[in-house]
Amino acid sequence: MTKRIAIYPGTFDPVTFGHLDVLERAAKMFDKVIISAAASLNKTALFSLEERVELLKKISGKFKNVQAESFSGLLVDYAKSKKPALSSGD
C-alpha cells in the first residue's frame, strides 16, 4: 500500500490555532505530514526560522506521524528534494 504523505508549508510567523487545526486534520488524513516553515526573505519575521521550527516541533509533538522542519527557495524544489525519502517509505 502506498503511504499518503503531505507537506504543509507556511511561514508560521507566528503559529496560530488555525495552523494547529489544519495540522490536526491533516494528521488524521495522511500517513505522514511534513510541516515546514519557509524562510521569509521578503518580510521581517517576528520569530527567527529556528524559533519557528522549534514552535512547530512543540505543537506537533503529540502526533506520531508529523515531522517539523524548514525550507528555503521554491516549494516545488523542496517537494522534489523530499521525493527520495518519500519513496523509501521513511
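The values are calculated or read from the model by the stated rules, or taken from the named source; none is laboratory data. As the structure is a computational prediction, the values presented were derived from the model and not from experiment. Glycine also receives a Cβ, built like all others from the backbone with ideal geometry; neighbour counts cover every protein chain displayed. Please note that ligands, DNA and RNA were not included when accessible areas were found on the heavy atoms of the full protein model with its side chains. Shrake-Rupley method; radii C 1.70, N 1.55, O 1.52, S 1.80 Å.
Per-structure values
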{"item": "Coil-residue trypsin sites (Lys or Arg not before Pro) of the range 8-90, DSSP, other Cβ within 10 Å capped at 15", "result": "Lys43, Lys62, Lys64"}
{"item": "Estimated [θ] at 222 nm from DSSP helical runs (n ≥ 4, -39500 (n - 2.57)) normalised by residues in the chain, nearest 500", "result": "-13500 deg cm²/dmol"}
{"item": "DSSP beta bridges in the chain [antiparallel fraction, %, rounded to 5]", "result": "0 percent"}
{"item": "Amide proton proximity set for Val33, modelled H, under 5 Å, gap of 5+", "result": "Ala6, Val66, Gln67"}
{"item": "Solvent-accessible heavy-atom area per residue, rounded to whole Å², over the chain at 1.4 Å", "result": "65 Å²"}
{"item": "Pairs of lysines in the chain (C-alpha under 15 Å apart; 8 or more residues apart or interchain)", "result": "12"}
